[in-house]
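Heads up: the structure comes next, in structure tokens.
The values are calculated or read from the model by the stated rules, or taken from the named source; none is laboratory data. Nothing here was measured: the structure is a model prediction, and the numbers come from that model. Note: ideal-geometry Cβ built from the backbone for every residue, glycine included; neighbour counts use all protein chains shown. Surface areas here come from the heavy atoms of the whole protein model, side chains and all, with no ligands, DNA or RNA. Shrake-Rupley method; radii C 1.70, N 1.55, O 1.52, S 1.80 Å.
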Amino acid sequence: MEYSFYDFLKLLGSLALFLYGMKIMSEGLQKFAGDRLRSILTAMTTNRVTGVLTGVLITALIQSSSATTVMVVSFVNAGLLELSQSIGVIMGANIGTTVTAWIISALGFKVDISAFALPLLAFGIPLLFSQKSSRKSVGEFMFGFAFLFMGLNLLKVNAPDLSHNPDMLAFVQNYTDMGFLSVLLFVFIGTVLTMIVQASAATMAITLIMCANGWISFELGAALVLGENIGTTITANLAALTANTPARRAALAHLVFNVFGVIWVLVVFRPFLDVVNWIVSDVMNVTEAGVAVSFKLSAFHTCFNICNVLILIWFVKAIEKIVCKIIPQKEQEEEYRLRFITGGMLSTSELSILQARKEINLFAERIQRMFNMVRDLLHTENENDFSKLFSRIEKYENISDSMEIEIANYLNNVSNGRLSADGKLKIRTMLREITEIESIGDSCYNLARCINRKYKNANDFTEKQYEHIHIMFDLVNQALTHMVDIVEDDSQTVDVNKTFNLENEINNYRTQLKNQNIIDIDNNDYDYQMGVHYMDIIVECEKLGDYVVNVVEAGRNIRERKTI
């Protein structure tokens, strides 16, 4: 066989150029779009149909279903998408990825597009060195596009031609005449190959080349395509390894969706291929041998994914239940996401205000849970447990920042609609509430940092100090509980005066402990450094109490207006 190790390295280099071109083309588009990609995903997934369309659009643009699904997993991990929304986008990504095959089929084998690659680089190089980031991103996209098709052309040139290598052809023939078992084997090969390459578009290109040159039959090429649809899920699952439970579920949903699709297509494999043959030969009237088989594979890939989506789009909830059962929620992990604001607005701005109100109620409850974690942190002695709990509090603080921004953006959009005077006042009130609630989250994080500094100190608080901190924590927790009740109180039956009384108690107790701290240090009850850690906690609790009062006062404006 006249195929040396050097030829094999050239094949790998061609594949590397193809993958690199796809990578920088994808990255260029993502950079050019910026946060708009996130906006599209969050605003266009209000139902399963729009979610599928969003997945198709994004994947058709960036030419990589893996990139789309990895982005979706990261958005679920950040709480910006719900699991059910992410499944719809992933379904659409499977359809969008078929665009690559059609581009290759329509252009790659009929027009030597690699001939345009070098002139395209000439146009792209000035943009690549531009100081403006958007132009630079367009330049990256042009370079990626050129490299993509240069790599494809080199793949065709450097792939081993089995027809001129009888030994290798004989080796392949050992596995191509086993009937349906060969189909299953090539499904497995396609899966493994795509898992290794981590790009279904690359293995699809190889499959198209092999079929176009007559090295394998259309039937086995279709089996490879089925395997590629399973193998492409590995990228998202790798990305989700270190993510939270909802993100791992989203990645698993991608695998479940594709595996189920492959199973039902294998059951009706021969009739399905006959339908595809009819579409390409009779409907599209493509008869040229080399071109026809590439169109058949592209049509098979598209028909498979579209049919799979049309069948499974009605079972999104069932897929969600399956992945939730396979990956149960950890007790110490909470799903971070906006539960009531799911992108877009309701039909009227007034109804959208009710959505936002429910989200703020949930926001307040989460912040109180964050404070309770701080209380637990004070008495956590195991170093590993302390580190985990501190990281969890830190994560809550980041989530509270995101929730404030998401709710505020939503309220700003609502305020642009037609609102009554009362509705406009409600929005101003809610904007102030979320700002103050987020400040409570900052205070909780500051308390955790104070406890962390104390934890790293060789000394510990005295029993008397712990007793005083517990009393202060209890007062703050009472204030937070009452704040949550007021925020959730639609009928205005909760007495707001209790909050002001608790605030006075917190302030007086802070002043009392501040004076006592000076006396205790003078009496050598504890050293000065422990006194600093101690008072840092007490003072931060008093600040937290002030933020609670601000939240209650914001809501009181609405109450007083309604009583006039």
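One residue alone among Asn524, Asn501 is polar (S, T, N, Q), over 40 Å from the mean Cα position of the chain (by Cα) and not in a helix (DSSP H, G or I), and that residue is Asn524.
Residue count for the range 263-297 under the criterion of being in a helix (DSSP H, G or I) and either more than 17 Å from Ser217 (Cα to Cα) or at pLDDT below 65 (or both): the result is 11.
Quick check on my filter: what residues within the range 232-251 are among the small types (Gly, Ala, Ser) and either at pLDDT 75 or above or surrounded by 23 or more Cβ atoms within 10 Å (Cβ to Cβ) (or both)? Once the filter is applied, which keeps residues that are among the small types (Gly, Ala, Ser) and either at pLDDT 75 or above or surrounded by 23 or more Cβ atoms within 10 Å (Cβ to Cβ) (or both), the range 232-251 yields Ala236, Ala240, Ala247, Ala250, Ala251. Selection within the range 467-496: residues that are in contact with a Lys or Arg (Cβ under 8 Å, 6 or more places away or on another chain) and at pLDDT 90 or above. The member of this set that is surrounded by the fewest Cβ atoms within 10 Å (Cβ to Cβ) is Asn477. Restricting the range 176-204 to residues that are among the small types (Gly, Ala, Ser) and in contact with a Gly (Cβ under 8 Å, 6 or more places away or on another chain), the residue that is modelled with the highest pLDDT is Gly190.
Conditions (1) open to solvent by less than 30 Å² (accessible area, probe 1.4 Å); (2) in contact with a Ser or Thr (Cβ under 9 Å, 6 or more places away or on another chain); (3) closer than 23 Å to His470 by Cβ; (4) aliphatic (A, V, I, L, M), marked per residue:
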| position | (1), (2), (3), (4) |
| --- | --- |
| Ser352 | yes, no, no, no |
| Leu377 | yes, no, yes, yes |
| Asp385 | no, no, yes, no |
| Tyr396 | yes, no, yes, no |
| Asp401 | no, no, no, no |
| Leu411 | yes, yes, no, yes |
| Asn416 | no, yes, no, no |
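For the range 352-364, does any single residue satisfy the condition of being within 14 Å of Tyr445 (Cα to Cα) and β-branched (Val, Ile, Thr)? No, the conditions are met nowhere in the range 352-364. With respect to the stated conditions, Ile506 is crowded, with 18+ Cβ neighbours inside 10 Å and touching a Gly at 6+ places or on another chain (Cβ under 7 Å).
Would you call Leu224 farther than 27 Å from Ser86 by Cβ and either β-branched (Val, Ile, Thr) or modelled with pLDDT of 80 or more (or both)? It is true that Leu224 is farther than 27 Å from Ser86 by Cβ and either β-branched (Val, Ile, Thr) or modelled with pLDDT of 80 or more (or both).
Residues that are surrounded by fewer than 19 Cβ atoms within 10 Å (Cβ to Cβ), assigned to a helix (DSSP H, G or I) and more than 35 Å from the chain's Cα centre (by Cα) occur at least once in the range 458-465.
Just checking, which of Val157, Val172 is open to solvent by 50 Å² or more (accessible area, probe 1.4 Å), at pLDDT below 80 and not polar (S, T, N, Q)? Spell out how you get there, then give the answer.
Details: Val172 fails: open to solvent by 50 Å² or more (accessible area, probe 1.4 Å).
Of the residues listed, the single one that is open to solvent by 50 Å² or more (accessible area, probe 1.4 Å), at pLDDT below 80 and not polar (S, T, N, Q) is Val157.
Here Leu419 meets each of (1) assigned to a helix (DSSP H, G or I); (2) farther than 30 Å from Gly531 by Cβ with one exception, condition (1).
Kindly state which helices (runs of 4 or more DSSP H) lie completely within the range 36-149 and contain at least 3 residues that are open to solvent by less than 20 Å² (accessible area, probe 1.4 Å) and modelled with pLDDT of 65 or more. Reasoning before the result, please.
Numbers: elements: 36-43, 48-62, 65-77, 83-96, 98-103, 117-128.
Fully inside the range 36-149 and qualifying: 48-62, 65-77, 83-96.
Give Ile518, Ile486, Ile538 a once-over and let me know the one that is over 23 Å from Asn372 (Cβ atoms), assigned to a helix (DSSP H, G or I) and out of contact with any Cys (no Cβ under 9 Å at 6 or more places or on another chain).
Values: Ile486 fails: over 23 Å from Asn372 (Cβ atoms); Ile538 fails: over 23 Å from Asn372 (Cβ atoms).
None of the others qualify; the one that does is Ile518.
Being farther than 16 Å from Asn305 by Cα and either touching a Cys at 6+ places or on another chain (Cβ under 6 Å) or at pLDDT below 75 (or both), is that true of even one residue in the range 252-262? Break it down into steps so the answer makes sense when it comes.
Taking the range 252-262 and keeping what is farther than 16 Å from Asn305 by Cα, we get 252.
When the remaining residues are screened for being either touching a Cys at 6+ places or on another chain (Cβ under 6 Å) or at pLDDT below 75 (or both), the result is none.
No; the residues of the range 252-262 include none that is farther than 16 Å from Asn305 by Cα and either touching a Cys at 6+ places or on another chain (Cβ under 6 Å) or at pLDDT below 75 (or both).
Any idea which residue in the range 9-29 is modelled with the lowest pLDDT, counting only those that are crowded, with 19+ Cβ neighbours inside 10 Å and under 14 Å from Ser133 (Cα atoms)? Among residues in the range 9-29 that are crowded, with 19+ Cβ neighbours inside 10 Å and under 14 Å from Ser133 (Cα atoms), the one modelled with the lowest pLDDT is Leu29.
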